[in-house]
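Let me begin by presenting the structure, written as structure tokens, before commenting on it.
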Amino acid sequence: MMSLNNSSLFLSFVIPVKDEAQTLAGLFQGIKDALKETDKHLRFEVIFIDDGSIDDSWLEMSRLAEQNPDTIKAIRLRRNFGKAFALSTGFNECQGDIVFTMDADLQDDPAEIPKFLDKIDEGFDVVSGWKSNRQDPLSKTLPSKVFNKITSILTGISLHDFNCGFKAYKKEVLHGIKIYGELHRYIPVLAHELGFVSTEVSVKHNKREFGVSKYGWERYARGLVDLLTVLATTRYLKKPGHLFGGLGVLMGFVGSVILGYLSILWFTTDTPIGTRPLFFVGILMVILSIQMVSLGVLAELITRHNDSGPTDSAIVDKRGIV
């Protein structure tokens, strides 16, 4: 078990930045102050990733990097690639034993960092923040609650706030995970599928004082699409036949019920059914059922052919012969 009593432990803070020049200095100072409060003399690095900012964010993080060359790294992307890409870039650069992700707008309070460290020290691999008293308007909090509830039910992961960017990971968690699109919010789900243990802590959420939010309603639509991707690539990655076959069986059942009902109607009332829209729906469902089951069988054959066996990310320890 990783122990925070080890003075050689190294922390990485990966922070995507999009037009947040006014908050970067305060965020860095807040991280330093929070780590001083732990009395553990932990070493750390802060990695700022400029994700296509159009304000002075790059100038500010460059200035901070020049003033703190042993602590801060500044990375500038060619354009706005999205939060997941920015995080992946930071993960590739970080050296820490524990990796934190935070938003750059100072709504994530650095003073809460010790809470995450305590949970890591208890043996958890992933610690997710929960903005239990979120300082945002109802137009953001209500859809977020609905989104989080749906995600929790479908994934079986009992977290209140998948959207919270304030998280901490043991470094080995990130080795076997690739994120893109909106998958950054599903890292606890992806980690769970690899056998890592997640938990959450309630964190203070500050009101935004500078800049504007970069997200709107469209992110929930993208997030739901990516949720389907996560379910397909985790729960059904090694058994695609269960996904396509299951859908095929369901469609076949519905189609059979429809055609059975129409057949009974035809025999008992001598009523023509060939021109009924419901008749064509039933035929279509049966045809789709056959196609989906066939697709599932082909997917299983391809999976079995390409399966390379277990990966290193699934191994937690080795003893004996090296």
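Details
- Proximal charge balance of Glu45 [Cβ under 13 Å; K/R count +1, D/E count -1]: +1
- Residue order, fewest to most surrounding Cβ atoms within 10 angstrom, among Val254, Val203, Val146, Val46: Val146, Val254, Val203, Val46
- Fewest-first sequence of Ser202, Ser158 by Cβ atoms within 10 Å of each Cβ: Ser158, Ser202
- FRET efficiency for the pair Leu247 and Val146, taken as 1/(1 + (r/R0)^6) with r the Cβ-Cβ distance and R0 = 22 Å, rounds to 0.35.
- Three-way shape label, region 1-160, alpha-carbon gyration tensor, a/c 1.5: oblate
- Proxy reagent accessibility, fewest Cβ within 10 Å first, across His205, His175: His175, His205
- The protection proxy used here, the mean number of other Cβ atoms lying within 10 Å of each residue, ranks peptides 30-37, 100-107, 120-127 as follows, highest first: 100-107, 120-127, 30-37.
- For the residue pairs Lys171/Lys204; Lys115/Lys178; Lys115/Lys145; Lys83/Lys167; Lys167/Lys207; Lys18/Lys207, the alpha carbons lie more than 21 Å apart in Lys171/Lys204; Lys115/Lys178; Lys115/Lys145.
- A Förster distance of 56 Å, applied to the separation of the beta-carbon atoms of Thr229 and His41, puts the FRET efficiency at 0.85.
Quick note: the coordinates plus some simple rules give every number you see, no bench work behind them. Note that the structure is a prediction, hence the values are computed from the model and not measured. Here Cβ is always computed from backbone atoms with ideal geometry, including for glycine, and neighbour counts include all displayed protein chains.
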